[in-house]
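Let me begin by presenting the structure, written as structure tokens, before commenting on it.
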Amino acid sequence: MKYTITAAQGSFQNGAVATNLSKMETIVESALKKEPDTKVITFPELCTTGYFLSEAIKDLAEKVDGPIFQAMKTIAVSNLVSILYGYVEIDDDGNIYNSIQYIDANGRNTANYRKIHLTPLERGVFTAGSEPVTVETDFGTIGLMICWDLAFPELARMLTLNGADILLVPSAWEEPYDAPFLQFSGARALDNSVYLIASNHTGKSEDLTFFGKSSIFAPNGQVIATAEKQYDMITATIDYDWRNEIKQSFFSMLEERRTDIYS
């Protein structure tokens, strides 16, 4: 079983939702022209709003089924592709979340994940999520994470134990921390023998400069592809037969865990 997946990298304008959505539609169309068999396209964290942490970002918050969802649904259906994107979510109680939403090729909102591990600066803006999220698709089970979540092995392991074959990780990772971004990503893929797709921003936002380097990692922790340009799309083939083969040979850690010693 082999499937094609894509990570999109780019710079998204703070507060300019309409501009960002138009840009994302162009990226989706370009990605499918390049790789027509692509099953899912992963965009960066808070790509629809731009990543910034002033109070103004709260004014862009929407419900799960708000205008951003409606626009992304149209893009997914018209291009027959699943899309994962970041946005600012508000719940019925007025809590604000750094969220990502997965829309399948039929336009269904099949998963919504609220970032669990917030950075110190984010804690003054967002409420932390509390629920790990996986989503069943026709090309495997996907586990959802966001950016700083990569630094916490426990979440990736929980998602894997919940059946995840692939971890999708929209990110907004800034300079000078490109080495940890890649090291954490490769480690989480290797730890759990899963594919991992980390999609990052480029350009500047307030005091932050994003370095890009969106990457796709194999279940053995090796890099399959890394984005090099400011606006870039990287693609990889998910090969589950090969994944199962290496899990039964050297990368057999999940089967050999000593849960009688540690929980």
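The values are calculated or read from the model by the stated rules, or taken from the named source; none is laboratory data. Computed from a predicted structure; not experimentally measured. Here the Cβ is made from the backbone with ideal geometry for all residues, glycine too, and neighbour counts use every protein chain on show.
So here's what we get for this one:
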{"read-out": "Enumeration of residues in segment 139-149 that are in contact with an Asp or Glu (Cβ under 9 Å, 6 or more places away or on another chain), assigned to a strand (DSSP E or B) and touching a residue at least 60 places away in the same chain (Cβ under 8 Å)", "value": "140, 142"}
{"read-out": "Residue in segment 233-244 that is part of a loop (DSSP other than H, G, I, E, B) and either over 18 Å from residue 170 (Cβ atoms) or of a type outside the set (S, T, N, Q) (or both) present", "value": "no"}
{"read-out": "Test set (1) more than 25 Å from residue 241 (Cα to Cα); (2) in a helix (DSSP H, G or I) - residue 159 fails condition number", "value": "(1)"}
{"read-out": "Selected residue (criterion: surrounded by the most Cβ atoms within 10 Å (Cβ to Cβ)) from residues of segment 1-45 that are touching a helix residue (DSSP H, G or I) at 6+ places or on another chain (Cβ under 7 Å) and acidic (Asp, Glu)", "value": "45"}
{"read-out": "Out of 97, 85, sole residue that is touching a Cys at 6+ places or on another chain (Cβ under 8 Å), part of a strand (DSSP E or B) and closer than 25 Å to residue 124 by Cα", "value": "85"}
{"read-out": "Verdict on residue 195 being among the aromatic types (Phe, Trp, Tyr) and either within 17 Å of the chain's Cα centre (by Cα) or at positive phi (or both)", "value": "yes"}
{"read-out": "One residue from 114, 123, 108 being over 19 Å from the mean Cα position of the chain (by Cα) and of a type in the set (D, E, K, R)", "value": "123"}
{"read-out": "Matching option when the condition is among the basic types (Lys, Arg) and assigned to a strand (DSSP E or B), among 204, 229", "value": "204"}
{"read-out": "Yes/no for residue 49 being polar (S, T, N, Q), within 29 Å of residue 165 (Cβ to Cβ) and within 19 Å of the chain's Cα centre (by Cα)", "value": "no"}
{"read-out": "Looking only at segment 1-34, and only at residues there that are modelled with pLDDT of 95 or more and assigned to a loop (DSSP other than H, G, I, E, B), the one that is nearest to residue 213 (Cα to Cα)", "value": "11"}
{"read-out": "Among the candidates 49, 38, 26, residue that is free of Cβ contacts under 8 Å to residues at least 40 places away in the same chain, hydroxyl-bearing (Ser, Thr, Tyr) and touching a strand residue (DSSP E or B) at 6+ places or on another chain (Cβ under 6 Å)", "value": "49"}
{"read-out": "Residue match in segment 177-184 (condition: more than 23 Å from residue 133 (Cβ to Cβ), among the hydroxyl-bearing types (Ser, Thr, Tyr) and over 14 Å from the mean Cα position of the chain (by Cα))", "value": "yes"}
{"read-out": "Test result for residue 64, surrounded by fewer than 18 Cβ atoms within 10 Å (Cβ to Cβ) and in a helix (DSSP H, G or I)", "value": "no"}
{"read-out": "Residue match in segment 175-194 (condition: part of a strand (DSSP E or B) and within 20 Å of residue 6 (Cα to Cα))", "value": "no"}
{"read-out": "Selection count, segment 100-125, where residues are assigned to a loop (DSSP other than H, G, I, E, B), more than 18 Å from residue 77 (Cα to Cα) and in contact with a helix residue (DSSP H, G or I) (Cβ under 9 Å, 6 or more places away or on another chain)", "value": "6"}
